[in-house]
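Heads up, the thing below is written out as C-alpha cells.
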Amino acid sequence: MAPHLRLQFKVAIVTGGASGFGRGIAAKFVEEGAQVIIADLSEEAGSAAAAELKCDFVRADVTRRADWEALLRTAVDRFGGLDVVVNNAGMTYANKPTETVTEHDFDLVMNVNVKSVWLSTDVLLPYFLEKKRPGCFIQIASTAGVRPRPNLTWYNASKAAVINATKVRRAMQTSCYATNVTMTHLFLGKPDTEENRKGFLSVVPLGRGSTPADVANACCYLASEEASFITGVNLEVDGGRCV
Ligand SMILES: NC(=O)c1ccc[n+]([C@@H]2O[C@H](COP(=O)([O-])OP(=O)(O)OC[C@H]3O[C@@H](n4cnc5c(N)ncnc54)[C@H](O)[C@@H]3O)[C@@H](O)[C@H]2O)c1
C-alpha cells in the first residue's frame with residue numbers, strides 16, 4: 001500500500017513561496033502530496049523554486065485584489081479547486097527608532113502583512129462558502145505580534161493585527177521566530193553575523209532560531225485533517241520565546 005501522505009488531494013497556495021519560510025512550506029506541502037501554487041512577486045526566484053520543487057508558480061502581488069482573483073482562477077482551472085491558503089509573504093523595514101519610520105515604511109508593512117490577509121479572505125471566502133469546501137487559512141505572523149520588539153513598532157503592530165483578525169476569522173496562524181532567513185538583518189538593524197545574533201537568541205529557551213522546516217512542519221499539521229477541529233489558534237513556533 002502507498003504510504004499515507006498527510007496533504008494528499010489538497011490544493012494549496014503559498015504566498016511568498018520563492019524563498020525563506022514560504023519555500024520551506026511549499027517543499028513540505030509537495031512532499032506530503034499537495035498540489036502547490038507558489039504565489040510570489042519575484043518571477044525569477046518563484047519560477048526557479050517551483051521548477052525545483054516540482055510545483056506551480058504564479059507571479060502575484062498579494063496586495064492586489066486582481067492577483068488574488070487570478071490565483072483562485074488558476075487553482076480552479078489547473079487543479080479543480082482550492083483547499084489551503086498560507087499567507088506567508090511579509091515585509092519589514094529595517095529596525096529603527098519609531099520617529100524615523102516613514103509613511104512608505106508604514107504602508108509597506110500594513111499592505112503586505114495585513115491588507116493581503118484581508119484581500120485573501122475577501123476574494124476566497126465566497127468561493128469556499130459557495131462550494132461548501134472547508135477552506136483553511138494559515139497566516140505566518142511573528143512573535144513580534146505577541147511580544148513587541150524594540151524599534152519595529154509598526155511591523156509588530158501589523159503582525160498583532162494579523163493574529164487578532166485570525167482569531168475572529170476562525171482560521172489558524174503560526175508565529176515564528178527565525179534567525180536564518182533573509183529578513184533577519186532587517187530585524188537586527190545590522191549585519192546578520194553570529195556575533196550580532198547573540199542578543200536575539202539569548203531570549204529563546206531552546207537556544208536557537210526557527211528554521212523553514214520548523215515552520216513548514218507546523219503548517220503541514222494545521223493544513224492536514226489531523227487539525228480539523230483546530231481553529232483560531234496562535235501556534236508559536238518559537239523555541240519558547242513567548243513563554
Ligand atoms: N525571518 C524572520 O526572522 C521572521 C520571523 C518571524 C516571522 N517572519 C514572517 O515570516 C514570513 C516569511 O518571512 P521570510 O523571512 O521567509 O521572508 P523572505 O524575505 O525570505 O521571503 C518573503 C517572500 O515574500 C515575497 N513577497 C514580498 N512581498 C510580496 C508581495 N507583495 N506579493 C507577493 N510576494 C511578496 C518575496 O518576494 C519573498 O520571496 C513573513 O511574513 C515574515 O514577516 C519572519
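Nothing in this text is a laboratory measurement; each read-out follows from the coordinates by a stated rule. What you see is a predicted model; the values in this text were computed from it and never measured. Because the Cβ atoms are built from the backbone with ideal geometry, glycine has one as well, and the counts that use them run over all protein chains shown.
Among 28-36, 234-242, 83-91, what's the highest-first ranking by average C-beta atoms within 10 angstrom per residue? Walk me through the numbers on the way to the answer.
Details: 28-36: 21.8, 234-242: 19.2, 83-91: 25.6.
Ranked from most to least packed, the peptides come out as 83-91, 28-36, 234-242.
If amide H atoms are built 1.01 Å from N in the plane of the peptide, which residues on other chains or at least 5 residues away come under 5 Å of the amide H of residue 189?
Sorted by chain and number, the residues that satisfy this are 95.
Would you mind calculating the relative contact order of region 1-119 from Cα pairs under 8 angstrom and at least 6 residues apart, reporting the percent as a whole number? Don't skip to the end; give the middle numbers.
On the way: 198 pairs, mean separation 31.6, N = 119.
Result for region 1-119 is 27 percent.
Rounded to whole Hz and in sequence order, give me ³J(HN,Hα) for region 128-137 from the Karplus expression 6.51 cos²θ - 1.76 cosθ + 1.60, θ = phi - 60°, writing x for Gly and Pro.
Running phi through 6.51 cos²θ - 1.76 cosθ + 1.60 with θ = phi - 60° gives 4, 5, 5, 7, 6, 9, x, x, 10, 9 Hz.
Against the empirical 2.2 N^0.38 Å scaling, what ratio does the C-alpha Rg of the chain come to?
Working: Rg = 17.2 Å, N = 243, 2.2 N^0.38 = 17.7 Å.
Compared with the compact-globule rule of thumb, the chain sits at 0.97.
How do 58, 233 line up, fewest other C-beta atoms within 10 Å first?
Values: 58 18, 233 14.
So the ranking, lowest neighbour count to highest, is 233, 58.
Tell me, 5, 129 in order of fewest to most beta-carbon neighbours within 10 Å? Intermediate results must be reported in sequence, preceding the final value.
Numbers: 5 13, 129 10.
By the 10 Å Cβ count, ascending: 129, 5.
Can you give me the angle between helix 20-31 and the longest principal axis of the chain, using Cα atoms only, in degrees from 0 to 90, rounded to the nearest 10?
Compared with the principal axis, the helix lies near 30 degrees.
What size of dipole, in debye to the nearest 20, comes out for the chain about its Cα centre when the only charges are +1 on Lys and Arg C-beta atoms and -1 on Asp and Glu C-beta atoms? It would help to have the intermediate numbers written out before the result.
On the way: 26 positive and 26 negative charges, 112 e Å.
It comes to approximately 540 debye.
If I fit a long axis through the Cα atoms of helix 65-79 and take the longest principal axis of the Cα atoms of the chain, what angle between them do I get, 0 to 90°, rounded to 10?
40
What is the sum of charges, Lys and Arg at +1 and Asp and Glu at -1, for the other residues whose Cβ falls under 14 Å from the Cβ of residue 31?
Working: positive: 6, 10, 23, 28, 54; negative: 32, 52.
Residues near residue 31 contribute +3 overall.
Taking H as built 1.01 Å from N, whose amide H comes closer than 5 Å to the amide H of residue 210, not counting residues under 5 places away?
Long-range HN contacts for residue 210: 177, 178, 179.
Taking H placed 1.01 Å from N in the peptide plane, check which residues at least 5 places from residue 60 or on another chain put their amide H under 5 Å from its amide H.
Close amide H contacts, sequence-distant or interchain: 40, 41.
Rounded to the nearest 500 deg cm²/dmol, what is the calculated helix-only ellipticity per residue at 222 nm for the chain, with -39500 (n - 2.57) per DSSP H run of length n ≥ 4?
Working: 9 runs with 103 residues, N = 243.
Rounded to the nearest 500, the figure is -13000 deg cm²/dmol.
Before anything else, pin down the relative contact order of the chain: Cα pairs under 8 Å, at least 6 apart, normalised by residue count, whole percent. Walk me through the intermediate numbers first.
On the way: 472 pairs, mean separation 50.2, N = 243.
In percent, rounded to a whole number, it is 21.
Of 160, 22, 207, which is farthest towards the positive pole of region 11-236's charge dipole, taken about the Cα centre with +1 and -1 on the beta-carbons of Lys, Arg and Asp, Glu respectively?
Projecting each Cα onto the dipole axis, the largest value belongs to 160.
Multiply the residue separation of residue 95 and residue 66 by 0.36 nm, subtract the distance between their alpha-carbon atoms, and state the gained length in nm to one decimal. Let's see the in-between values first.
Values: separation 29, 0.36 × 29 = 10.44 nm, distance 3.17 nm.
Additional length available on full extension: 7.3 nm.
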